[in-house]
Amino acid sequence: DALCILASTVKEPRTICGGGCTEIDMAQAVDRAVEETPGKKALAMTAYAKALRQLPAIVADNGGYDSAELVTQLRAAHAQGKSTFGLDMTIGSIGDMKEMGVMESFKSKLQVLLSASEAAEMILRVDDIIKCAPRQREMM
């Protein structure tokens, strides 16, 4: 798996900050777009932003840290314009991912997001099918 990511990074050299930094940035961008979006689409977008914010929380939980505290600190840092801040899992706080050298492959992150979004869409489609009332059958 690591060798595959290394090979794809050599082909596509763009990298992004790790430590949940990118997920918080994307969630903030979605939240800004929600303000201009009417109807049920806005509810779906809000849920998507919430799901993006869950990724750093899961990382913090897996590290044995207080995820609520760390994610709120991370959101506050991003609101102050510190867009390269992410979770520093060695000491259980937030820090500048660029300074620390915590980077992820752009292509790998893109594929993860696309796969997760497609899976969520499939679940929603199946859920809609299950919720539909059964069609009337003709008596013979």
- prompt: Label-point separation (nm) for THR72 and ALA7, each offset 7 Å from Cα along Cα-to-Cβ?
  reply: 4.6 nm
- request: Only Cα pairs under 8 Å and at least 6 apart count here; give the relative contact order of the stretch 10-140 as a rounded whole percent.
  value: 29 percent
- line: Exposed trypsin sites (Lys or Arg not before Pro) being those in a DSSP loop with at most 14 other Cβ atoms within 10 Å, the longest stretch of the chain free of them is 15-134
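Test of understanding: what is the full-extension gain from ASP61 to ALA119, defined as 0.36 nm times their sequence separation minus their Cα-Cα distance?
Details: separation 58, 0.36 × 58 = 20.88 nm, distance 2.34 nm.
Contour length minus Cα-Cα distance gives 18.5 nm.
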statement: Between (1) 1.37; (2) 0.97; (3) 1.33, the structure-derived Cα Rg over 2.2 N^0.38 Å is (3)
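Would you please give the FRET efficiency between THR15 and GLN80, computed as 1/(1 + (r/R0)^6) with r the Cβ-Cβ distance and R0 = 30 Å, to the nearest 0.05?
Values: r = 24 Å, r/R0 = 0.78.
The pair THR15/GLN80 has a calculated efficiency of 0.80.
Over the chain, with every protein chain in place, what whole percent of the accessible area is carbon and sulfur at 1.4 Å, could you tell me?
Working: 6070 of 10030 Å².
Accessible surface attributable to carbon and sulfur in the chain totals 61 percent.
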query: Just the accessible area per residue of the chain, please: how many Å² with a 1.4 Å probe?
result: 72 Å²
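From the square roots a ≥ b ≥ c of the eigenvalues of the alpha-carbon gyration tensor of the stretch 13-74, which class results: rounded (a/c under 1.5), prolate (a/b over b/c), or oblate? Mind showing how you got there, number by number?
Working: a/c = 2.74, a/b = 1.59, b/c = 1.73.
Cα axes put the stretch 13-74 in the oblate bin.
With the Cα gyration tensor of the stretch 86-126 in hand, give its eigenvalues times 5 under a square root as the equivalent ellipsoid semi-axes, listed largest first in whole angstrom.
Working: eigenvalues 188, 34, 6 Å².
Equivalent ellipsoid semi-axes, largest first: 31, 13, 6 Å.
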statement: Between LYS50 and MET139, Cβ-based FRET efficiency (R0 41 Å, step 0.05) works out to 0.30
field: Globularity index of the stretch 32-103, i.e. its alpha-carbon radius of gyration over 2.2 N^0.38 Å
entry: 1.25
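The values are calculated or read from the model by the stated rules, or taken from the named source; none is laboratory data. These numbers come from a predicted model, not from an experiment. Heads up, the Cβs are rebuilt from the backbone with ideal geometry, glycines too, and the neighbour counts pull from every protein chain shown. All accessible areas refer to the heavy atoms of the entire protein, side chains included, with ligands and DNA or RNA removed. Shrake-Rupley method; radii C 1.70, N 1.55, O 1.52, S 1.80 Å.
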